[in-house]
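Comments concern the structure below.
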Amino acid sequence: FLDPQNDEVIFKRIYDGVNIGHSWDQINVPPSFSLGRGGTDNPLLEFILSYENIDGSDDQPEFGSEHLYDDGYAPFANKDPRLKATVFFQEDQFGGGIVETYEGIDPSTDPDPSAIISSPAITYQGMETVGKDSRMLTSDEKGTNSGFIIKKYIEEEPFVAGGLSTTDWIALRLAEMYLTRAEAEFELGNHQEAAEALNATRERAGISLVDAGTITMDRIRNERKVELSYEQHRWWDLKRWRLSEEVLNGSVFSGLRIIYHFASDKYYFLPIEAEVRGRIFRPEHYYNPITDDRINNNADLVENPLY
């Protein structure tokens, strides 16, 4: 995504940061590396866990104080490598420094969540008790409420000012064509052809392949979710599949509170709600309103259902 000569790109919007730029880096880079905001759009735990395991197994990482891990990515080490390329994790290196999304130190000999110290005003054994990129050290417009930060499309240097990002924005690339073919072939009942198309992205990613007997529409849809993440597809995919109500309604999505256990030099992870309210998607939202103004100008127009 950072290579302007990427030969898989079919259509893109070109930015040079001089004549025309954007602010993706300023808005989404880890906050301590941002000139202004940072960490605004947070990958959610449900999204993280939707990445398949490399070997095709279906087990998921375990969280809680009884499960200690060496670093912030260790629980997900068996996941599709595209996850690591899409999301910043605790202790990831960036811009000559380290991303710090942990938000507490557990000073007890054995992990004990009731003993967690989590305050920007307090240090423990010379260490800050909250990471500089966590929600504990930033305002409402900065930091991560989920414990994760977007990495996709972020330039490989810190402190890019607003309007000066130079990363080209991809509108259409080869992977989307393979995924579109996979979906169409499956809907036509051509499962072998669908598997071949889907494997084009899976093989490149280095994860287990599917065949005519194991491919499903759910796997195709999930492949689109992870391969095309943050490329402005997911909202529209959910609408055209008529799944928006099922996926979005009533959901308060999750994140992880990352805790450093000082005695073991390891981390544990506590699930948290990452949002303050749930979403509401009503049936009429599958369409836009035509509006009274347009109808008044053309008597042949009929308002869309439920508006």
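Tabulated values for the structure
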read-out: Mean separation of Cα contacts under 8 Å, 6 or more apart, over the residue count of the stretch 1-150: relative contact order %; value: 26 percent
read-out: Bridge type composition, the chain - antiparallel percent by DSSP, nearest 5; value: 85 percent
read-out: Approximate spin-label separation residue 66-residue 115, in nm, with each point projected 7 Å along Cα-to-Cβ; value: 1.8 nm
read-out: Cα gyration tensor, the chain - rounded (a/c under 1.5), prolate or oblate; value: prolate
read-out: Share of carbon and sulfur in the accessible heavy-atom surface of the stretch 117-209 [1.4 Å probe, %]; value: 50 percent
read-out: 17 Å reach of a label modelled at residue 203, 7 Å along Cα-to-Cβ, counting backbone N of the stretch 71-112; value: none
read-out: Crossing angle, helix 174-187 versus the chain [Cα axis fit, 0-90 degrees, rounded to tens]; value: 60 degrees
read-out: Alpha carbon convex hull of the stretch 1-119, volume per residue in cubic angstrom; value: 167 Å³
read-out: Amide H partners (placed H, <5 Å) of residue 131, local residues excluded; value: 102, 103, 104
read-out: Length gained when the stretch residue 233-residue 58 is fully extended (0.36 nm per residue, less Cα-Cα span); value: 60.5 nm
read-out: Mean Cβ count within 10 Å, highest first, over the residues of peptides 59-65, 131-137, 249-255; value: 131-137, 249-255, 59-65
read-out: Rounded to the nearest 20 debye, dipole of the stretch 162-253 from Cβ charges on Lys, Arg, Asp, Glu; value: 240 debye
read-out: Helical mean residue ellipticity (222 nm; -39500 (n - 2.57) per DSSP H run of 4+; nearest 500) of the chain; value: -6500 deg cm²/dmol
read-out: Å² of accessible area per residue within the chain, as computed with a 1.4 Å probe and no ligands counted; value: 51 Å²
read-out: Inter-part distance where the stretch 114-179 and the stretch 34-89 are each reduced to a Cα centre, Å; value: 14 Å
read-out: DSSP-defined beta bridges in the stretch 231-291 - what % are antiparallel, rounded to 5; value: 90 percent
read-out: Gyration tensor (alpha-carbon) shape descriptor, the stretch 1-66, a/c threshold 1.5; value: oblate
read-out: Given charges at Cβ of Lys, Arg, Asp, Glu: the stretch 69-179 dipole, positive-most of 97, 117, 159; value: 159
read-out: Unit charges on C-beta of K, R, D, E only; dipole of the chain, Debye; value: 640 debye
read-out: Options 212, 244, 129, ranked by Cα towards positive dipole end of the chain, top entry (Cβ charges); value: 244
read-out: Efficiency of FRET from Cβ geometry, residue 184 and residue 243, R₀ 22 Å, rounded to 0.05; value: 0.80
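The values are calculated or read from the model by the stated rules, or taken from the named source; none is laboratory data. All figures in this text were calculated on a predicted structure; none of them were measured in a lab. When we count neighbours, we look across all protein chains shown, and the Cβ atoms used for this are built from the backbone with ideal geometry, even at glycine. These area figures cover heavy atoms from the full protein model, side chains too; ligands, DNA and RNA do not enter into them. Shrake-Rupley method; radii C 1.70, N 1.55, O 1.52, S 1.80 Å.
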